[in-house]
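Asks: Pasting a structure below so you can have a look.
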Amino acid sequence: MQKVMIERAAELLSSGKVNRVLGWRAGLFAHDNTPSVFTDAADLQANFVYNEFCGANLSKYLVKESDKEGTVAVFLKPCDTYSFNQLIAEHKIKRDNVYAIGVQCNGMKDVNDREKLEERCASCKSRKHVAYDELIGESGEILDSNRFDMVEKLENMTSEERFEFWRGELSRCVRCNACRNVCPACTCEKCIFDNPDSGSANKAPADPFEENLFHIIRAFHVAGRCTDCGECSRVCPENIPLHLLNRKFIKDINELYGEYQAGETVNERGPLVNYTQGDAEPSVVYERGNS
Amino acid sequence: MYKLNLSEINAFFAKIAQNEKLYIPADNGKGGARYTEWAEGVELSNACNTERSAKDFFFPQTENLVDFKVNGKKIEVIDSREECEDFVVFGVRACDVKSFEILDSVYLTDPIDSYYKNRREHGTVISLACSAPEETCFCRTFGIDATKPAGDARAYIAGDSLYIEALTEKGSALLSSLGIAETDDTAAVYAQIAETEKKLAELPLAALEAKDFTKKQLDAFNAPVWAGLSQTCLGCGSCTFVCPTCQCYDIKDFDTGHGIKRFRCWDSCMYSDFTMMAHGTPRNTQLEKFRQRFMHKLVYYPMNNDGVYGCVGCGRCLKKCPISMNIVKVMKSLGEVTE
Amino acid sequence: MQMNDNTFRPKIVAFCCNWCSYAGADLAGTNRLNYPADVKIIRVPCSCRVNPTFVLRAFGRGADGVIICGCHPGDCHYTSGNYYARRRMTLLFSMLDYLGIERERTRVEWVSAAEGAKFAQTMNSFVETVTKLGKNKRLEDLRCKK
């Protein structure tokens, strides 16, 4: 794969079709690859890498890269293509300035436990590329995933148990903002949490309330736009399962407003900028299982 | 040197914890370790190091400085400083102990930071020599000997025994009060040191050299490599917050509705409002923010501190950076440029 | 009436749409219908103006219950604002419940300008529910406590 990708990228560069290639640069070890922009063939040959530690989703970088002069080629794994589509739908990426190459992905390995697949890959939702200009390797199918299992487990707990669970998780937050900054759906130019005029800006989890506020709002703000790429949980230095917040919103949306997968297409209205007259009333929440 | 059997280690912890709070690295159930207050049932972790650094003990992420109570036109100023009790931290690795020295040079030189000093005076540090360094370790690069950590006392775990020796008066006062047996037979310790030294020399980053960038500071500052290195930096604060030596903070006022709580919290040079001034921020681009972090550790800090680097090679940023960019990669690139 | 100081009186924040519920509250007043003084009304131009952050911050700063009142579905002054609010608040309340925060502390009610009685009755019932739950301890900002 890697060899084919390098050759193709070099070809695109030399033909002048693109002037930059967004990919992964080899690190000190086999598992610390860094997203990087390549501009010449020699650099590609020497440093471009594609292995099972290329978890970083490159689509968010296109917000800036596609705004520059010339065309940029980008390598997208199946789940990255969903984020890519979503960003196009939100007019954040200039599609004409991007040459998207879909690459086959068999699941990425967990950097902390290198024998294991990353959690998000173990419950992969789709091996299908939903957007690309050309494909290297195979594009798979949408999978019948068990990704909501843990959400369901939490839903079946009592309110106290859920509270304890989330206190235990969120109290470790150091507010490094990695989850927010890596998220392809978080593209506000000035985040409410960085804006001193918002009244909600804060740099540290100075109180448990701040932790709840930050994480609820972070997940809420991407609700209906989150493609479940799982980057938030991958980058959390405290290993907080943040994707469980996002998946809760996705599960609720699916159940209440019909199955919806953000990023699957570019012209569908998202569930939170849409409605039907017969939508469930908020009181539907009281009628559910445990309280 | 004092010696006790490892099977008695919990009794040893219990004895310390009788008089003051004791913190030890314990498994966090997520594959890592974190400092945990010792109580019956808390076991010492086998992990090479804790995920969060030990700086939290002396420089916590948030710290209340002062409260203001507003009543009409009257403002009452309340000292909200938390009373600090004596505490012991066991199991600090050589890199983290070195980081305390770096923090000291910032907070204990004039003007002395009384909040930091207070915590420092109340804390006793028992370090623990490394025996199984990881691939991300590079403390040797900065002249730190992982087999001979500093601190108030240092411990070795060799074979089935814990060896421990006092290094300061504070350490010796603590150890002598615990009633543990002394021994002259320290052959096991030296054997372990020799073995660990061999492991350290074979680490993948063992050959990493800390070059003296201070003489070529402008070359370093203007190096074209910064553009490539910082290119995909997300501007998050993971590296800063796991770093044992990052010491920058911000002071914030929180309006409680009936007064003001003034507190300080860790800040990161990666953040948009870092060193924000009336005219704005002096570093607008991610390149400048990124450069600041590494210039501080590799150039500015050594320039002001007799060549001591502001990095201790603990390797936490190597593990935690979301895009796997880190100080080792920076040092390698910068080294080539300033050759 | 003599108030017993020891009885728990919840703090309730009610976000009321300017075009309906706020007028409904007015009507309840002019009709001299009783509802507890624990309810603090905040007037908003439409129920969809209520950002989830408003709800959370109300809790953070000491509210024990938050209720959002808007026009009946189909009657929004801006045609569709309350439909959006309905989806948002459903998801938000569900998330709060997921985090183990008592879901009965949040509510959405549709109250028109003509429904003074419904307004009073809604507030009475909401205050009663929240009083039973007691003080909000799971989503309060401890720094704001007196």
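Asks: Within the stretch B:265-277, take every residue that is within 9 Å of chain A (Cβ to nearest Cβ) and part of a strand (DSSP E or B) and give me the one that is nearest to B:Val70 (Cα to Cα).
Replies: B:Cys265
Asks: While we're looking at this one, here's another question. Restricting attention to the stretch C:29-40, which residues are crowded, with 17+ Cβ neighbours inside 10 Å and of a type in the set (Val, Ile, Thr)?
Replies: Of everything in the stretch C:29-40, just one residue is crowded, with 17+ Cβ neighbours inside 10 Å and of a type in the set (Val, Ile, Thr), namely C:Val39.
Asks: Name every residue in the stretch B:121-140 that is over 20 Å from B:Lys55 (Cβ atoms) and either of a type in the set (Ser, Thr, Tyr) or touching an Asp or Glu at 6+ places or on another chain (Cβ under 7 Å) (or both), in order of residue number.
Replies: B:Ser131
Asks: In addition: Output the residues belonging to the stretch A:270-280 that are farther than 23 Å from A:Glu90 by Cβ, more than 7 Å from every other protein chain (Cβ to nearest Cβ) and in contact with a helix residue (DSSP H, G or I) (Cβ under 9 Å, 6 or more places away or on another chain).
Replies: none
Asks: Can B:Tyr116 be described as among the aromatic types (Phe, Trp, Tyr) and either within 24 Å of B:Glu85 (Cα to Cα) or out of contact with any helix residue (DSSP H, G or I) (no Cβ under 7 Å at 6 or more places or on another chain) (or both)?
Replies: yes
Asks: Filter the stretch A:181-199 down to residues that are closer than 20 Å to B:Thr275 by Cβ and among the charged types (D, E, K, R) and give me whichever is surrounded by the most Cβ atoms within 10 Å (Cβ to Cβ).
Replies: Here the answer is A:Asp194.
Asks: What are the residue pairs meeting all of these: first residue in the stretch B:294-306, first residue assigned by TED's automatic domain parsing to the domain that holds B:Thr240, second residue hydroxyl-bearing (Ser, Thr, Tyr) and in a helix (DSSP H, G or I), Cβ atoms under 8 Å, and 6 or more apart or on different chains?
Replies: B:Val299/B:Thr214; B:Pro302/B:Thr214; B:Met303/B:Thr214; B:Asn305/B:Ser105
Asks: Working only within the stretch C:1-51, note down all residues that are of a type in the set (Val, Ile, Thr), part of a loop (DSSP other than H, G, I, E, B) and either in contact (Cβ under 8 Å) with a residue 24 or more places away in the chain or touching a Gly at 6+ places or on another chain (Cβ under 8 Å) (or both).
Replies: C:Val50, the sole residue that qualifies.
Asks: How many residues are hydrophobic (A, V, I, L, M, F, W, C), buried (at least 23 other Cβ atoms within 10 Å of the Cβ) and assigned to a loop (DSSP other than H, G, I, E, B) if we restrict to the stretch B:283-339?
Replies: Total meeting the criteria: 6.
Asks: Just give me the residues in the stretch B:17-46 being within 12 Å of another protein chain (Cβ to nearest Cβ) and in a loop (DSSP other than H, G, I, E, B), in sequence order.
Replies: Matches in the stretch B:17-46: B:Asn28, B:Gly29, B:Lys30, B:Gly31, B:Gly32.
Asks: Something else: What number goes with the only condition from (1) within 14 Å of chain B (Cβ to nearest Cβ); (2) without any contact (Cβ under 8 Å) to a residue 40 or more places away in the chain that A:Glu231 does not pass?
Replies: (2)
Asks: Having 3 or more residues that are within 14 Å of chain C (Cβ to nearest Cβ) and modelled with pLDDT of 95 or more is the bar; report the helices (runs of 4 or more DSSP H) wholly within the stretch A:110-219 that clear it.
Replies: A:149-155, A:159-170
Asks: Then there's this: For the list (1) at pLDDT 95 or above; (2) within 28 Å of A:Pro241 (Cβ to Cβ); (3) outside the structural domain of A:Leu242 (by TED's automatic domain parsing), I need the number of the one condition that A:Asn106 fails.
Replies: For A:Asn106, the failing item is (1).
Asks: Those residues that are touching a residue at least 40 places away in the same chain (Cβ under 8 Å), in a helix (DSSP H, G or I) and surrounded by 15 or more Cβ atoms within 10 Å (Cβ to Cβ), I need them from the stretch B:1-16; list them, please.
Replies: Within the stretch B:1-16, B:Ile9, B:Phe12, B:Phe13, B:Lys15, B:Ile16 qualify.
Asks: Residues B:Pro244, B:Pro204: which one is buried (at least 19 other Cβ atoms within 10 Å of the Cβ), assigned to a loop (DSSP other than H, G, I, E, B) and not polar (S, T, N, Q)?
Replies: None of the others qualify; the one that does is B:Pro244.
Asks: Right, something else. Go through the stretch C:100-130 and give me each residue that's within 14 Å of another protein chain (Cβ to nearest Cβ) and among the β-branched types (Val, Ile, Thr).
Replies: Listed by number, the residues that qualify are C:Ile101, C:Thr106, C:Val108, C:Val111, C:Thr122, C:Thr129, C:Val130.
One line per residue, one yes/no per condition, for (1) under 30 Å from B:His296 (Cα atoms); (2) over 26 Å from the mean Cα position of the chain (by Cα):
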| residue | (1), (2) |
| --- | --- |
| B:Ala187 | no, yes |
| B:Ala201 | yes, no |
| B:Phe213 | yes, no |
| B:Lys216 | yes, yes |
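Asks: From the set of residues in the stretch B:254-264 that are without any contact (Cβ under 8 Å) to a residue 24 or more places away in the chain and outside any strand (DSSP E or B), which is farthest from B:Arg291 (Cα to Cα)?
Replies: Initially, the stretch B:254-264 is screened for residues without any contact (Cβ under 8 Å) to a residue 24 or more places away in the chain, giving B:254-257.
After this cut, where a residue has to be outside any strand (DSSP E or B) as well, the list is B:256-257.
Details: B:Thr256: 37, B:Gly257: 40 Å.
Here the residue is B:Gly257.
Asks: Now, a different point. Could we say that A:Tyr99 is under 30 Å from B:Phe138 (Cα atoms) and more than 14 Å from chain B (Cβ to nearest Cβ) here?
Replies: No: the conditions fail for A:Tyr99.
Asks: Can you find a residue that is more than 14 Å from every other protein chain (Cβ to nearest Cβ), polar (S, T, N, Q) and part of a loop (DSSP other than H, G, I, E, B) anywhere in the stretch A:21-44?
Replies: No, because not a single residue in the stretch A:21-44 is more than 14 Å from every other protein chain (Cβ to nearest Cβ), polar (S, T, N, Q) and part of a loop (DSSP other than H, G, I, E, B).
Asks: Something else about it: C:Glu128 fails exactly one of the following numbered conditions: (1) modelled with pLDDT of 95 or more; (2) farther than 30 Å from A:Asn156 by Cβ; (3) surrounded by fewer than 24 Cβ atoms within 10 Å (Cβ to Cβ). What is the number of that condition?
Replies: Looking at each condition in turn, C:Glu128 falls short on (2).
The values are calculated or read from the model by the stated rules, or taken from the named source; none is laboratory data. In this text, all values refer to a predicted model and were calculated from it rather than measured experimentally. We place every Cβ from the backbone using ideal geometry, glycine too, and count neighbours over all the protein chains shown.
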